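Chemist: Here it is: the structure, laid out below.
The values are calculated or read from the model by the stated rules, or taken from the named source; none is laboratory data. This one's a predicted model, so the numbers in the text were calculated from it and none came from an experiment. A quick note on method: Cβ atoms are made from the backbone with ideal geometry, for glycine too, and the neighbour counts reach across all protein chains shown. When the accessible area is computed, the model is the full protein with side chains, heavy atoms only, and any ligands, DNA or RNA have been set aside. Shrake-Rupley method; radii C 1.70, N 1.55, O 1.52, S 1.80 Å.
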Amino acid sequence: MISIKSLYKTYDQGGRKVEAVKDVHIEIAKGEIFGVIGFSGAGKSSLIRCVNLLEIPTSGSVKINGIEMTELTDPELRQARRKIGMIFQHFNLLTSSTVFDNVAAPLRLVGTSKEQIKKRVDELLGLVGLADKGGFYPSQLSGGQKQRVAIARALANEPEILLCDEATSALDPQTTDSILELLLDINKRFQITIMLITHEMHVIKKICDRVAVMENGRVVEQGSVLDIFSNPQTQTTKNFIKNVFDIQLPENLQRKFRQQQPGGEIIRVSFVGEATSEPVFAELTTRFPLRPNILFGNITQIKETTFGSLILQLTGDSATIQQGLQFLKEQGLRVEVLEDVE
Amino acid sequence: MLNSFVENFDLYWVAIVETWWMVAYSLVIATIIGLPLGVLLVVTRPNHIYENRLFYTILNVVINILRSIPFIILMVAIIPFTKSIVGTAIGIKGAIVPLVVYTAPYIARLMESALLEVDAGIIEAFQAMGATRRQIVFQVMLREARPSISLGLTIATIGLIGATAMAGVIGAGGLGDLAIRYGYQRWQLDVMAGTVIILVIIVQGVQSLGNFVAKRLRKQ
């Protein structure tokens with residue numbers, strides 16, 4: 001659906017070249033929710049603006065449904081943009097228009113008839129849960145409600161793609177969740193492909209299927225959210241994950257446990273989905289003369305999948321420990337022996 | 001004071017009507033010229049929808065030059081121009097031309113600052129939804145800036161009322177002329193005071209009306 005290849009965006013700031021996006025390759029499938037995460041200044045905002053050509057790429061290719069966006073004429077580009085909805089951090093609603101008129105705006109641009117506008121806008125306001133707010137002005141609404149209006153507006157022309165530019169960054173956590181649920185609902189109901197950028201791992205974790213991590217204009221890591229979460233490769237990714245999902249055991253604690261129980265191994269066990277509901281460790285102790293001591297645990301929901309991680313110390317003789325680890329692997333768990341931190 | 005006002009009522013009334021026509025004509029024509037210039041000053045600047053550096057720079061300089069000439073000098077300096085347009089350089093007709101030349105660049109600047117207040121994010125949102133540049137100017141920028149445009153025009157109107165007083169020098173008539181002839185040249189302090197009071201009331205009225213309109217538009 002969206003295919004970004006060798007994309008570069010360079011700004012000229014008073015003779016000084018700033019490379020905002022460097023050699024980015026991203027493929028987004030139809031119906032997918034794809035997240036781009038990065039700290040501010042990582043280039044994610046430039047990247048998402050290159051998709052609908054609000055920013056013109058310096059070089060590289062952006063294809064939507066096989067159509068090369070960078071080669072379109074102005075009228076063709078406007079036509080294409082009508083099928084790409086976009087929402088923003090600061091909502092960007094017309095302050096001087098009612099909620100109804102804001103949602104109607106994209107329909108009016110293309111000369112939709114009055115009756116059709118009325119019908120479509122009522123439908124959209126119902127969809128975002130603001131059926132009774134048509135006559136209100138944006139200043140009378142809360143941040144979450146404003147973003148709902150913006151979402152209704154973005155969906156007016158039945159787009160195939162929705163671009164979300166830090167759509168929840170100005171909202172409190174509770175409102176963020178309700179907006180994310182709305183986006184997920186829209187994605188499922190209309191099979192709309194969503195590309196979002198954010199600096200909050202929580203957003204990625206809650207609704208994204210796949211994620212790209214950006215740093216200094218480059219995508220340093222991308223893949224399914226589950227893979228990235230369970231096996232982060234770069235320090236940047238680890239930093240993001242740490243905020244929502246800390247699976248580190250402080251070093252001094254590790255050292256202390258090793259001193260108290262020499263001869264054992266400290267291991268990390270990660271489990272995904274169904275494996276979580278099996279009583280694996282009870283099974284482990286009945287089969288092998290091993291004593292697991294749970295040091296640390298965490299369980300989290302990634303989109304609709306459960307993902308858990310445990311750090312435990314296994315004591316017993318080393319041959320049995322190896323057998324135990326093998327057993328855990330056979331149960332579909334990911335097992336990692338933590339090296340001594342000396 | 002009141003007696004003098006009643007005695008000279010006809011004098012005042014004629015002057016008020018003359019001022020009204022001068023202001024009304026000049027304001028309408030200056031707005032017709034100044035508002036599009038204000039729009040051009042915004043949309044041709046770098047990184048805007050009709051970016052054109054050369055045009056923007058020239059327009060900017062021309063407006064600055066016109067804005068730096070004091071009205072009283074401008075009025076005299078363009079007498080040939082005024083004559084070529086309306087056939088005379090005196091009276092209400094003769095005053096309207098310099099008033100427009102004086103006010104249009106002023107309105108252009110006021111409209112420019114009103115339009116610059118429109119959130120760039122809103123313009124971006126409409127670009128993203130496939131709006132044409134014309135739709136962005138008319139349906140987004142001018143629409144969103146309506147409260148500020150109304151306040152800007154209020155300021156321009158009050159400036160214009162002040163300028164019509166100076167037009168009295170070229171025998172344009174109006175309240176300013178009355179104040180100069182009776183109040184200053186004949187030293188009839190009661191007439192001068194009466195004129196000032198009327199001007200104060202008019203300016204108050206215009207400002208209140210402008211505020212009211214802006215508030216109605218911004219009520220949202």
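Chemist: Computed over the Cα atoms of region A:129-217, what is the ratio Rg over Rh, Rh following Kirkwood?
Modeler: On the Cα set of region A:129-217, Rg over Rh gives 0.97.
Chemist: Report, in cubic angstrom per residue, the convex hull volume of the C-alpha atoms of region A:169-228.
Modeler: Measuring per residue, one finds 89 Å³ for the Cα hull of region A:169-228.
Chemist: Turning to a different aspect of this structure: Please state the relative contact order of region B:57-99 as a whole percent: Cα pairs under 8 Å, 6+ residues apart?
Modeler: 31 percent
Chemist: Report P(r) for the protein assembly as shown: all Cα-Cα distances, bin width 20 Å, range 0 to the bin holding the largest distance, values in whole percent.
Modeler: 17, 35, 26, 15, 6, 2, 0
Chemist: Which percent of the Cα-Cα distances in region A:84-140 go past 14 Å?
Modeler: Across region A:84-140, Cα pairs with separations above 14 Å total 56 percent.
Chemist: While we're here: Counting other C-beta atoms within 10 Å, and keeping those with at most 16, which DSSP coil trypsin sites (Lys or Arg not before Pro) do you find in region A:29-93?
Modeler: Passing sites in region A:29-93 are A:30, A:83.
Chemist: Pairing the Cα long axis of helix A:143-155 with the longest principal axis of chain A, what angle in degrees results, from 0 to 90 and rounded to the nearest 10?
Modeler: Value to nearest ten degrees: 70.
Chemist: Relative contact order for chain B: what is it in percent, counting Cα pairs under 8 Å that are at least 6 residues apart?
Modeler: 27 percent
Chemist: In terms of solvent-accessible area of protein heavy atoms at a 1.4 angstrom probe, what is the ranking of A:39, A:327, highest value first?
Modeler: Ranked from most to least accessible, the order is A:39, A:327.
Chemist: Mind giving me the nanometre distance, one decimal, between the label points for residue B:51 and residue A:336, set 7 Å out from Cα along Cα→Cβ?
Modeler: 4.6 nm
Chemist: Now for a separate question. Taking only the alpha-carbon atoms of region B:96-184, what semi-axes of the equivalent ellipsoid follow from 5 times the gyration tensor eigenvalues under a square root, in whole Å, largest first?
Modeler: One finds semi-axes of 40, 11, 8 Å for region B:96-184.
Chemist: Working from Cα positions, state the angle (0 to 90°, nearest 10) between the long axis of helix A:318-330 and the longest principal axis of chain A.
Modeler: 30 degrees
Chemist: Also: So for chain A, averaging the separation of alpha carbon pairs under 8 Å that are six or more residues apart and normalising by length, what relative contact order in percent results?
Modeler: Once normalised by length, the contact order is 18 percent.
Chemist: Rounded to the nearest Å, what's the spacing between the alpha carbon centres of region B:1-61 and region A:162-216? Just the number, please.
Modeler: If you average the Cα positions of each part, the centres end up 49 Å apart.
Chemist: In degrees, nearest 10, range 0 to 90: what is the angle between the Cα axis of helix A:173-190 and the longest Cα principal axis of chain A?
Modeler: 70 degrees
Chemist: Could you rank B:69, B:33, A:186 by how accessible they are, 1.4 Å probe, largest area first?
Modeler: Greatest to least solvent exposure: B:33, B:69, A:186.
Chemist: Between B:144, B:117, B:18, which gets the highest mean-square fluctuation from a Gaussian network model of chain B, Cα cutoff 10 Å?
Modeler: B:117
Chemist: On to the next question. Quick one: give the max-minus-min coordinate of the C-alpha atoms of region A:24-82 along each principal axis, largest first, in Å.
Modeler: For region A:24-82, the Cα spread along each principal axis is 35, 26, 20 Å.
Chemist: Work out how much length residue A:72 to residue A:259 would gain on full extension: take 0.36 nm times their residue separation and subtract the Cα-Cα distance, in nm to one decimal.
Modeler: 60.6 nm
Chemist: Based on DSSP, what percent of beta bridges with both residues in the protein assembly as shown are antiparallel, to the nearest 5?
Modeler: 70 percent
Chemist: What are the principal axis extents of the Cα atoms in region B:5-61, in Å, biggest first?
Modeler: Cα spread of region B:5-61 along its principal axes, largest to smallest: 61, 18, 14 Å.
Chemist: Ordered by residue, what ³J(HN,Hα) values in Hz, to whole numbers, does region B:24-39 give under the Karplus form 6.51 cos²θ - 1.76 cosθ + 1.60, where θ = phi - 60° and Gly and Pro are x?
Modeler: Once θ is set to phi - 60°, the couplings for region B:24-39 become 4, 4, 4, 5, 4, 5, 5, 6, 4, 7, x, 5, x, 4, x, 4 Hz.
Chemist: Using amide H atoms built 1.01 Å from N in the peptide plane, name the residues 5+ places from residue A:220, or on other chains, whose amide H lies under 5 Å from its own.
Modeler: Residues meeting the criterion, in which the H sits 1.01 Å from N, are A:213, A:214, A:215.
Chemist: Let me ask you something else. Could I get the Rg over Rh figure for region A:7-52? Both from C-alpha atoms, Rh via Kirkwood, rounded to two places.
Modeler: With Rg and the Kirkwood Rh in hand, the quotient comes to 1.03.
Chemist: If I model a spin label at residue A:13 and residue A:283 as a point 7 Å from the Cα along the Cα→Cβ vector, what separation in nanometres do I get?
Modeler: Roughly 5.5 nm, to one decimal.
Chemist: How fast does region A:51-148 diffuse by Stokes-Einstein, in µm²/s, taking the Kirkwood radius from C-alpha pairs at 37 °C and 0.692 mPa s?
Modeler: 214 µm²/s
Chemist: Same structure again: Probe radius 1.4 Å, ligands and nucleic acids left out: which of A:27, A:339, A:55 has the largest accessible area, and how do the rest follow?
Modeler: Ranked from most to least accessible, the order is A:339, A:27, A:55.
Chemist: Additional query: Using a Gaussian network model on chain A with a 10 Å cutoff between Cα atoms, which of A:312, A:125, A:47 fluctuates the most?
Modeler: Evaluated over chain A, the most mobile residue of the options is A:312.
Chemist: What accessible area, in Å² to the nearest ten, does a 1.4 Å probe give for residue B:20?
Modeler: 150 Å²
Chemist: Mind pulling the per residue volume of the convex hull built on the Cα atoms of chain B? Å³ is fine.
Modeler: So the per-residue Cα hull volume is 123 Å³.
Chemist: Right, another one. Roughly speaking, what % of Cα-Cα pairs in region B:170-220 are separated by over 17 Å, rounded to a whole number?
Modeler: 50 percent
Chemist: On average, how much area does the Cα convex hull of region A:187-341 cover when viewed from any direction, in nm²?
Modeler: 10.6 nm²
Chemist: Something else: Strictly greater than 14 Å: what percent of every Cα pair in region B:153-193 meets that?
Modeler: 47 percent
Chemist: Which semi-axis lengths, in whole Å and largest first, follow from the square roots of five times the eigenvalues of the Cα gyration tensor of region B:99-143?
Modeler: 27, 11, 6
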